[in-house]
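I have placed the structure first, in the form of structure tokens, so that the comments after it can refer back to it.
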Amino acid sequence: MRVGVQYVWQSSRMRAVMLRVALFFLHSTALMALLPLVARALPGGNAGTFTLLLASMGAGAIVAALLMPQIRVWLPLGRRLVVGTTVNALSATVVAFAPNIYVAVPAMLMAGVTWITVANSLTVAAQMGLPDWVRARGMSIFQMALMGSTAAGAALWGQVATGARCTPASRSPPFPASC
């Protein structure tokens with residue numbers, strides 16, 4: 001493991017991939033962390049609303065996985081990451097301020113498409129950036145960065161939700177009026 005950590009630390013390409021994966025999952029986890037509050041704030045929002053939103057994101061991810069060969073042809077890696085990150089952030093914003101489920105579901109579909117596209121692109125970039133002799137160790141470090149930033153994002157955005165949901169300014173969607 002020491003050799004894997006040393007290689008990743010000394011490789012500027014791998015440091016860039018690690019930074020990108022950490023930043024993407026740190027910010028994109030906000031949607032998942034805040035989704036129960038968003039679902040509850042939508043008209044008629046309940047557990048079924050949350051399930052529909054989550055299923056929409058999953059359906060978007062499946063569509064992206066099926067279209068990944070075409071997506072790779074349409075967009076080179078750098079643009080794929082920029083476009084994916086931007087569209088993911090815009091999708092999360094639309095979901096957060098959606099007036100109804102008819103606006104939120106398509107935005108969740110796009111969030112799923114971008115989530116899997118960026119995650120896949122970064123995973124492939126990490127694999128291609130590692131030589132055979134250190135690939136498994138380097139990918140384990142990549143997975144730690146991905147999962148660690150997801151956990152940190154969940155904790156961060158959970159605290160944001162806890163702190164923001166009961167302030168007077170937050171009594172409009174996506175936060176409930178029952179504070």
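A short reminder: the numbers here are calculations on the coordinates, not readings from a lab. In this text, all values refer to a predicted model and were calculated from it rather than measured experimentally. With ideal geometry, Cβ positions are generated from the backbone for all residues, glycine too; neighbour counts draw on all protein chains shown.
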Under Stokes-Einstein, the stretch 34-86 at 10 °C and 1.306 mPa s, with its Kirkwood radius over C-alpha pairs, diffuses with a coefficient in µm²/s of 123 µm²/s
Based on the alpha carbon coordinates of the stretch 2-164, what radius of gyration and maximum Cα-Cα distance (Dmax) apply, in Å? 17.0, 55
Listing Ile101, Ile62 from the residue with the fewest other Cβ atoms within 10 Å to the one with the most, what is the order? Ile62, Ile101
Across the stretch 28-122, what fraction of all alpha-carbon pairs, as a whole percent, falls in each successive 10 Å bin from zero upward? 18, 50, 24, 8, 0
Cα Rg over Rh - the stretch 1-53, Kirkwood: 1.35
Can you compute the modelled spin-label distance between Leu54 and Gln6, with each label point 7 Å from Cα toward Cβ, in nm? 4.4 nm
